[in-house]
Amino acid sequence: MRSTVVTFLTVVTFAAQLQLGDASNNSSCMKGYTAKATKSGWKNIQTLVSFGDSYTDESRLTYFGEHGHAPPVGWIAPASNNTFSGGKSWARMAAELTGVKLDNYAVSGGVCSNNLTPRIWQTIMQPFPSVAEYEVPAFLADHTSAETGCIDLNPATTAYSIWIGTNDLAGNAFLSDEHHHGKTVTDYTDCVFAQIKSLYDNAGARYFILQNIAPLDLSPLYNSGTDGDHIYIPASRYYPTKARDFLGNGTKVEEKMKILVKTTNDIFKYRAIATILTKELPGATIALFDSHSLITDIYNSPAEYLTGPPPLNVTGMVVQCPEPNFNGCYNYRDKDRNSFLWYDELHPSEATLSIVAREVSKLLKGSDSPYVKILT
C-alpha cells in the first residue's frame with residue numbers, strides 16, 4: 001500500500017497552478033442548464049471535451065514533461081500524430097470525422113484519482129496528473145468566464161467523454177495491490193462517477209460518453225503467453241516489477257486482470273443505468289461506449305476490422321522492446337502497422353483507435369452503433 005504524502009503535495013501543486021474559477025452552484029449560470037438531453041440531441045454536438053489517459057492524450061503529458069508544471073489557464077492541447085498509439089488519438093480522429101471541436105484534457109499515465117492509485121512519474125518526481133485532481137479542474141479553469149463566472153460552453157451542444165482505468169487497474173496499482181490502504185475498485189468507479197457529477201454541477205454538462213475498460217488481459221503486457229501466439233513479457237517499461245510481483249506466474253497476471261476488468265465494466269454498466277433511472281442527474285444522458293466488446297471483436301475477427309496487409313496480428317505489437325525500458329526498442333513491420341491490434345505491449349494501435357473513433361462518430365452524427373447504448 002502507498003503513502004498519501006506525495007499525493008497531497010501533488011494535488012496542492014496542481015491546484016495552485018490552475019487559479020480555478022467558480023461556476024458551481026451559481027443560480028444565474030444554472031438557469032441555462034435545465035434543458036433535458038435527448039437521444040436525438042447527440043447529432044447536435046459541436047464540442048467534444050475528453051478526459052482520460054494515454055489512450056486519449058495527444059500532447060498534454062508532453063507539456064508537463066517539457067516544462068515541469070501544468071499548462072497555463074487557456075492553453076489548448078495541440079493535435080499530434082505521435083501519441084502512444086503511434087499516430088493520432090481516437091478523440092482527434094472522431095473530431096475530424098464529425099467536424100466537432102475537440103478540447104482534450106487527457107494526460108498519459110493518469111488515473112482517476114491520485115488519492116487512490118498514485119503512480120510516480122520520474123520526470124517531474126510527482127504522480128501523473130489525474131482526472132480528479134488535475135484534468136477536470138483544468139477544464140473548469142479554462143472555461144469559466146471571468147466576466148460572468150459561468151462556463152462558456154453550451155450544454156446542449158457539448159459532450160464530455162471519460163475513458164480512464166488502464167492505469168488504475170494496472171501493475172503498480174490495483175493489479176499488484178499497490179493502492180492506498182483500504183481502497184477498492186468501487187472507490188475508483190465512484191471516482192469516475194464523481195467526475196461526471198462534478199461536470200454536471202459545475203459545467204451544466206448533460207451529454208456524457210462513458211467508455212469502459214479495454215480487454216487488458218488480451219494485451220501483450222498482461223497476457224499469460226500460454227496460447228502459443230502471445231509472447232509472455234516478464235517485465236516492461238510500463239510494469240517493471242511484474243515478474244517480481246507475480247513470481248513469474250503469467251497466468252495469475254492474466255486472470256487477475258480479467259477479473260478486475262470484468263468487475264469494473266459491470267459496475268460501470270449498472271451504475272450508469274441506476275444513475276439515469278433514479279434521476280441522480282436530472283436531464284442528463286449517458287452513452288455507454290463498450291470499448292471492451294469492440295476490441296475483443298477486433299481480436300477475434302481481425303479481418304473484419306484491420307485494413308493492413310496480411311498477416312494480421314492481434315497478439316503481437318509494432319514496437320518491440322527487448323529490454324524492460326526504452327532502450328533497444330525498434331519498430332516491427334512499421335509500414336504495416338494497420339495490420340496490428342496493439343501498437344506496443346499496452347496501447348492499442350492507431351488502426352484500432354480509428355475504429356473507436358468511427359463508432360464514436362456514429363454517436364455524434366445521431367446514428368446507431370452496436371457498441372453504444374444511450375441511456376436517457
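Could you derive backbone 3J(HN,Hα) for the range 228-238 from the dihedral phi with the Karplus parameters 6.51, -1.76 and 1.60 (θ = phi - 60°), listing whole Hz in sequence and x where the residue is Gly or Pro?
With coefficients 6.51, -1.76 and 1.60, one gets x, 9, 6, 10, 5, 10, x, 8, 8, 4, 8 Hz.
If you place +1 on the Cβ of every Lys and Arg and -1 on the Cβ of every Asp and Glu, how big does the dipole about the Cα centre of the chain come out, in debye to the nearest 20?
Once rounded to the nearest 20, the dipole reads 700 debye.
Lys36: which aspartates and glutamates have alpha carbons under 17 Å from its alpha carbon, excluding same-chain residues fewer than 8 sequence positions away?
Cross-link targets: Asp201, Glu280.
Relative contact order for the range 238-376: what is it in percent, counting Cα pairs under 8 Å that are at least 6 residues apart?
It comes to 24 percent, rounded to a whole number.
Would you order Glu66, Glu135, Glu58 from fewest to most other beta-carbon atoms within 10 Å of each residue's own beta-carbon?
With the fewest neighbours first, Glu66, Glu135, Glu58 line up as Glu66, Glu58, Glu135.
Rank Gly41, Leu153, Ala138 by how far each Cα sits towards the positive end of the charge dipole of the chain (+1 on Lys, Arg Cβ; -1 on Asp, Glu Cβ) and give me just the farthest.
Farthest towards the positive end: Gly41.
Based on Cα coordinates alone, diagonalise the gyration tensor for the range 27-144, multiply each eigenvalue by 5, take square roots, and list the semi-axes in whole Å, largest first.
26, 19, 13
Any idea what the dipole of the range 46-169 comes to, in debye rounded to 20, about its Cα centre with Lys/Arg Cβ at +1 and Asp/Glu Cβ at -1?
Charge dipole, the range 46-169, about its Cα centre: 220 debye, nearest 20.
Only counting other Cβ atoms within 10 Å, I'd like Val73, Val131, Val100 sorted with the fewest neighbours first.
Fewest to most other Cβ atoms nearby, the residues stand as Val73, Val100, Val131.
Please give the direction-averaged projected area of the C-alpha convex hull for the chain, in square nanometres with one decimal.
Directional mean of the projected Cα hull area for the chain stands at 17.5 nm².
With a cap of 16 neighbouring Cβ atoms within 10 Å, and only residues DSSP puts in a loop, list the trypsin sites (Lys or Arg not before Pro) found in the range 225-319.
Arg237, Lys279
Quick query: amide H of Asp103 versus all other amide H atoms, modeled in the peptide plane; which residues come in under 5 Å with a sequence gap of 5 or more or a different chain?
Leu48, Val49, Ser50
On a 0 to 90 degree scale, rounded to 10, what angle separates helix 185-203 from the longest Cα axis of the chain?
Approximately 30 degrees, to the nearest 10.
Along each of the three principal axes of the Cα atoms of the range 234-376, give the extent in whole Å, ordering the values from largest to smallest.
53, 38, 24
Using the number of other C-beta atoms within 10 angstrom as an exposure proxy, rank Lys36, Lys365 with the fewest first.
Placing the least packed residue first, the sequence is Lys36, Lys365.
For the chain, what relative contact order do you get, as a whole percent, if you take Cα pairs closer than 8 Å and at least 6 residues apart?
20
Just to check I understand the Karplus step: with θ = phi - 60° and J = 6.51 cos²θ - 1.76 cosθ + 1.60, what whole-Hz values come out for the range 99-115, glycine and proline as x?
Along the range 99-115, the couplings run x, 6, 7, 10, 10, 9, 10, 5, 10, 4, x, x, 10, 5, 8, 6, 7 Hz.
Quick one: angle between helix 5-18 and the longest Cα principal axis of the chain, in degrees between 0 and 90, rounded to 10, please.
The angle comes out near 50 degrees.
Could you go through the range 270-287 in sequence order and give the Karplus-derived ³J(HN,Hα) for each residue, using 6.51 cos²θ - 1.76 cosθ + 1.60 with θ = phi - 60°, rounded to whole Hz, and x for Gly and Pro?
So the Karplus estimates, Gly and Pro as x, are 6, 5, 5, 4, 5, 4, 6, 5, 8, 6, 5, 10, x, x, 8, 10, 10, 9 Hz.
Which of Ala95, Thr376, Phe128 sits farthest toward the positive end of the charge dipole of the chain, with +1 on the Cβ of Lys and Arg and -1 on the Cβ of Asp and Glu?
Value computed over the given set: Thr376.
Can you list the residues, at least 5 places off or on another chain, whose amide H is less than 5 Å from the amide H of Ser85, using H built in the peptide plane?
none
Helix 291-300: angle to the longest alpha-carbon principal axis of the chain, degrees 0 to 90, nearest 10?
30
Using the crude model of +1 on Lys and Arg Cβ and -1 on Asp and Glu Cβ, and no other charge, please compute the dipole size for the range 255-376 relative to its Cα centre, in debye to 20.
400
Just to confirm a number: summing +1 for Lys and Arg and -1 for Asp and Glu over residues other than Ala357 whose beta-carbon lies under 11 angstrom from that of Ala357, what do you get?
Summing Lys/Arg as +1 and Asp/Glu as -1 gives +1.
Among the listed pairs Lys183/Lys279; Lys101/Lys183; Lys258/Lys373; Lys183/Lys262, which have their C-alpha atoms separated by more than 30 angstrom in this model?
From the list (Lys183/Lys279; Lys101/Lys183; Lys258/Lys373; Lys183/Lys262), the Cα-Cα distance tops 30 Å for Lys101/Lys183.
Readers should treat all values here as calculations from the given coordinates under stated rules, not as data from a laboratory. Bear in mind the structure is a predicted one, so any value in this text is a computation, not a measurement. As a convention, Cβ positions derive from the backbone with ideal geometry for all residues, glycine included, and neighbour counts pool all protein chains shown.
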